[in-house]
Amino acid sequence: MAAVRRADIIRESLENDILMGRAAFGSRLDEQALARRFGVSRTPVREALNRLTSAGLVDMIPNRGAFVRRVSVADLVQMFEVMAEIEAAAGRLAARRANRPALDEIAAALDGCRAAAEGGDPNRYYLENSSFHDAIYAASGNDHLAAEARRLHQRLTAYRRLQLHVPKRIAQSLAEHREIFAAISDGDEIAAADRLRDHVTIQGERFADFVASISAQGDEAPAFLDLRVLR
């Protein structure tokens with residue numbers, strides 16, 4: 001197994017532990033213990049922890065190690081708000097600038113989303129979903145905007161992927177993707193921006209669904225998510 005693949009498997013396993021509350025807030029993620037758990041050297045463990053740090057799920061403290069980070073609902077909502085505005089800007093520019101090859105790339109990514117939705121695989125759908133959004137970033141013709149969008153997209157990977165486990169969310173997401181593509185294809189800048197903003201923003205009923213989806217059991221949210229700071 002390639003080192004990169006090992007790091008991916010470890011990252012995903014630890015990510016699930018954190019999101020599902022199996023790794024408590026503030027708990028230390030010991031490299032040596034994790035290496036024994038996964039039967040690997042410390043190198044892929046270290047790489048996995050670095051990726052979780054970039055995703056905001058882990059804090060690396062010098063001379064102490066890696067610790068599970070608590071994320072506030074307020075912080076999470078604010079990050080999605082920023083992501084929604086960046087996506088809206090990318091959609092608006094894509095509607096204005098996308099040429100035929102760029103539209104074909106978005107269409108191909110949309111078809112990948114459809115196939116994944118039909119297969120009922122949330123993880124595969126997330127990958128196809130990422131390709132769809134990335135094709136829109138590229139079609140915007142603004143490299144700086146695309147870089148910022150990809151950076152924040154990566155920061156929110158764990159949460160966006162988890163949202164796809166909410167019942168009917170994949171079907172809803174695919175329907176929204178079709179509306180987004182139609183607006184971009186029609187060159188409708190306002191509609192493209194509005195559709196993408198609504199697609200990303202989590203608030204109201206969708207936010208309630210999201211919080212419910214990450215509950216470990218009963219009414220308790222996982223330890224990584226601090227509900228108390230939401231006023």
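The values are calculated or read from the model by the stated rules, or taken from the named source; none is laboratory data. All values derive from a computational prediction rather than experimental measurement. Ideal geometry is used to build each Cβ from the backbone, glycine not excepted, and the neighbour counts take in all protein chains shown. Surface areas here come from the heavy atoms of the whole protein model, side chains and all, with no ligands, DNA or RNA. Shrake-Rupley method; radii C 1.70, N 1.55, O 1.52, S 1.80 Å.
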Which value, in Å² rounded to 10, gives the accessible area of residue 41 with a 1.4 Å probe and all protein chains present?
60 Å²
Among 56, 112, 65, which one shows the biggest mean-square fluctuation in a GNM of the chain, springs joining Cα atoms closer than 10 Å?
65
Give the Rg (one decimal place) followed by the Dmax (whole number) of region 1-83, computed from C-alpha coordinates and expressed in Å.
13.2, 40
Just how far, in whole angstrom, is region 84-142 from region 1-71 if you go by their alpha carbon centroids?
30 Å
If each DSSP helix of 4+ residues adds -39,500 (n - 2.57) and the sum is divided by the residues in the chain, what number results at 222 nm, nearest 500 deg cm²/dmol?
-22500 deg cm²/dmol
Working out 0.36 nm times the residue gap between residue 168 and residue 61, then minus their Cα-Cα distance, what length gain in nm do you get to one decimal?
34.6 nm
If all Cα-Cα distances of region 133-194 are sorted into 5 Å bins from 0 onward, what percent lands in each bin, rounded to whole numbers?
4, 16, 19, 23, 24, 12, 2, 0
In nm, to one decimal, how far is the modelled label at residue 150 from the one at residue 176, with both set 7 Å along Cα→Cβ?
2.3 nm
Take residue 108 and residue 186, extend 7 Å from each Cα along the Cα→Cβ direction, and tell me the distance between the two endpoints in nm.
2.6 nm
From zero up to wherever the largest Cα-Cα distance of the chain sits, split into 10 Å bins and tell me the percent of pairs in each.
8, 30, 33, 22, 7, 0
